Structures are given as C-alpha cells and as structure tokens.
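The values are calculated or read from the model by the stated rules, or taken from the named source; none is laboratory data. Since the structure is predicted, the reported quantities are computational estimates derived from the model, not experimental observations. All Cβ positions, glycine included, derive from the backbone under ideal geometry; neighbour counts span all protein chains shown.
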Amino acid sequence: MLLLAAAFLVAFVLLLYMVSPLISPKPLALPGAHVVVTGGSSGIGKCIAIECYKQGAFITLVARNEDKLLQAKKEIEMHSINDKQVVLCISVDVSQDYNQVENVIKQAQEKLGPVDMLVNCAGMAMSGKFEDLEVSTFERLMSINYLGSVYPSRAVITTMKERRVGRIVFVSSQAGQLGLFGFTAYSASKFAIRGLAEALQMEVKPYNVYITVAYPPDTDTPGFAEENRTKPLETRLISETTSVCKPEQVAKQIVKDAIQGNFNSSLGSDGYMLSALTCGMAPVTSITEGLQQVLYLLMGNQMEGDLSSFRGLQSSGMH
C-alpha cells in the first residue's frame with residue numbers, strides 16, 4: 001500500500017512537470033527585445049546588461065555617473081551578436097523625481113521601442129547598529145532602494161499592460177528575506193521591494209506581465225566592497241559564514257528566471273533553503289512553482305519544528 005501511494009505521488013509530480021509548460025508564462029524572447037537596466041553602470045546591473053546583450057537584446061543603461069555609464073557601454077558592446085544591437089546610456093537619479101524618470105523612459109522608448117524588460121538594480125547598502133545610524137540613512141536607503149524601483153516600474157507598466165507583454169525584475173537581497181544584525185535600514189528597504197512585487201504581480205498577471213524578485217547573496221561588486229568598509233563586527237561575522245558570489249553568476253540566474261517569468265530568483269543551495277523558509281504566500285506563476293512552494297512550506301515547518309524541539313531541550317537544561 002505504501003509503495004502504491006509513493007508510486008502515485010511520483011506519477012502525479014511527473015504529470016505536473018509535463019503539464020506545467022502548457023500553462024506557464026511563455027518565455028520572453030530576448031533577441032531584438034528592449035531591456036532597461038537601472039544601476040547598470042557596474043556590478044550585478046552591468047553583468048545583467050551584458051547577459052541580455054549576449055542574447056541579442058537592445059540595452060538602455062540608466063545610472064547617475066555618466067563616465068561609468070560610458071565605460072560600461074564599451075564593455076557591453078564587446079559582446080554583440082549582430083551589428084544592429086544598440087546600447088543607450090542615460091544619466092539620471094531614479095530615486096529623486098518621478099517626472100524626470102518618466103521622461104527618461106519615454107526617451108529610451110522613442111529610440112529603441114517599447115520596454116520589454118525592466119531590471120531595477122539601482123541600490124546601495126549601509127550598515128550599522130540602529131542607534132548609531134542617522135535618521136537620514138533610513139530615508140536615503142528607502143529612497144534609493146525602494147522608490148528607485150517604484151519610479152521606473154511605474155513609468156513602464158502602462159505600456160506593458162497595453163501590449164500584454166513584459167517583465168519587471170526587482171533586485172532585492174537575502175537581507176530582504178530575513179532581517180540581519182546591522183541591517184535595520186537596509187533590510188527594511190529590501191523587504192519593501194518584496195511587498196511591492198507581490199502586490200504588483202497580482203495586478204499585472206492578467207495582462208501577461210510577470211514580476212521577478214531576485215535575492216542575491218553577498219556578491220563581489222564595488223558596492224559590496226564599499227559596504228564592507230563600515231560593517232559592524234557582528235554583521236561581518238554573519239556575512240563571512242557564506243562565500244561571495246561572482247556578479248556574472250548572479251546575473252545569469254536572474255536573467256534566466258526573468259525570461260521564464262519565475263517570481264522568485266535565488267542562487268545556490270543557501271538561497272534555495274532560504275527561499276524554503278521564507279516563501280510565505282508569494283505568488284506562483286506555474287504548477288511547478290506551486291508544487292515547489294508546498295514543498296518549501298513542508299520543509300520550513302519541519303525545520304521550525306526541529307528548532308522548537310532544540311529550544312525546548314535547552315530550556316529544560318538538556319544541552
């Protein structure tokens with residue numbers, strides 16, 4: 001009887017995987033697509049732009065520093081696969097003025113066509129103990145990390161819905177899945193992105209527009225190097241428990257998940273397990289994702305149960 005039940009379960013899972021492609025989002029074709037990347041002058045953003053360019057996309061890079069943008073443009077153009085591809089650079093602060101951001105997006109669409117994929121990668125990290133951080137730090141991180149994703153997304157969403165095609169990527173962080181010592185300002189701004197993405201996916205799914213939230217681990221970028229300069233000891237020790245990823249590796253996974261229309265994008269076994277413990281009621285875009293989320297919840301409940309038992313033993317004096 002047990003073997004029969006196991007066989008039925010395996011057959012059911014296989015059936016779901018076979019049927020899933022029929023109802024999952026149609027993959028976005030990058031050849032000829034217009035991809036806008038904010039924060040695209042360095043780090044993960046630049047690597048995402050390169051990855052999309054390698055697949056035939058037209059790129060609009062948006063960042064504040066014009067010199068870095070022009071340098072990134074040269075690097076990206078080295079990876080062209082045809083002579084029709086274009087890399088457009090626009091210097092603007094995406095977190096300051098929505099009207100300015102909207103005008104920039106209009107300029108990009110006039111030159112390269114409607115935006116097929118928007119990657120919100122502009123952001124920064126600052127760490128410190130809660131009482132040591134200036135109030136302005138909380139305001140600044142919420143402005144850059146959260147509003148810096150809201151403004152570009154708001155500028156492209158209407159056209160995407162009208163065309164009934166589009167992808168919007170929000171680059172959060174593993175610190176946007178759970179709060180960490182020293183990241184009271186940073187984690188909060190990255191958690192806000194997840195709330196925005198979950199609500200927005202519910203609104204735009206009927207229009208064939210799909211949202212992806214990426215939760216990259218510590219990644220070897222200029223921003224990470226700058227962040228390490230001021231990390232409290234406790235935050236640094238937590239960070240050192242995992243390895244630092246290459247931005248190219250992170251970019252490939254994000255682009256892959258965005259093309260497929262996956263809501264969650266994580267990297268490696270650590271990222272997978274963290275998603276298992278924090279998936280909550282996140283939207284699903286396929287039967288496969290739904291099944292995975294059920295398994296995530298079961299795994300999470302089991303791990304929480306084991307942790308509770310361990311804590312019970314501790315409280316009773318059994319170590």
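What to note about this one:
- Of all residues making up region 42-81, the number that are hydroxyl-bearing (Ser, Thr, Tyr) and under 17 Å from the mean Cα position of the chain (by Cα): 1
- Selection of region 198-256 for residues being in contact (Cβ under 8 Å) with a residue 60 or more places away in the chain and either part of a loop (DSSP other than H, G, I, E, B) or of a type in the set (S, T, N, Q) (or both) yields GLN201, ASN208, TYR215, PRO216, THR219, THR221, THR230, LYS231, PRO232, THR235.
- Note on region 168-190: residues that are crowded, with 19+ Cβ neighbours inside 10 Å, part of a helix (DSSP H, G or I) and not hydroxyl-bearing (Ser, Thr, Tyr) total 5.
- Every test in (1) at pLDDT below 95; (2) surrounded by fewer than 24 Cβ atoms within 10 Å (Cβ to Cβ) is passed by GLY32 save one, and that test is (1).
- Within region 102-132, the set of residues being of a type in the set (Val, Ile, Thr) and under 13 Å from GLY39 (Cβ atoms) comprises VAL119 only.
- Note on region 47-84: residues that are part of a strand (DSSP E or B) and of a type in the set (Gly, Ala, Ser) amount to 1.
- Taking each residue of region 140-165 that is assigned to a helix (DSSP H, G or I) and looking for partners that are among the acidic types (Asp, Glu) with beta-carbon atoms closer than 6 Å, six or more apart or interchain, yields ALA155/GLU102.
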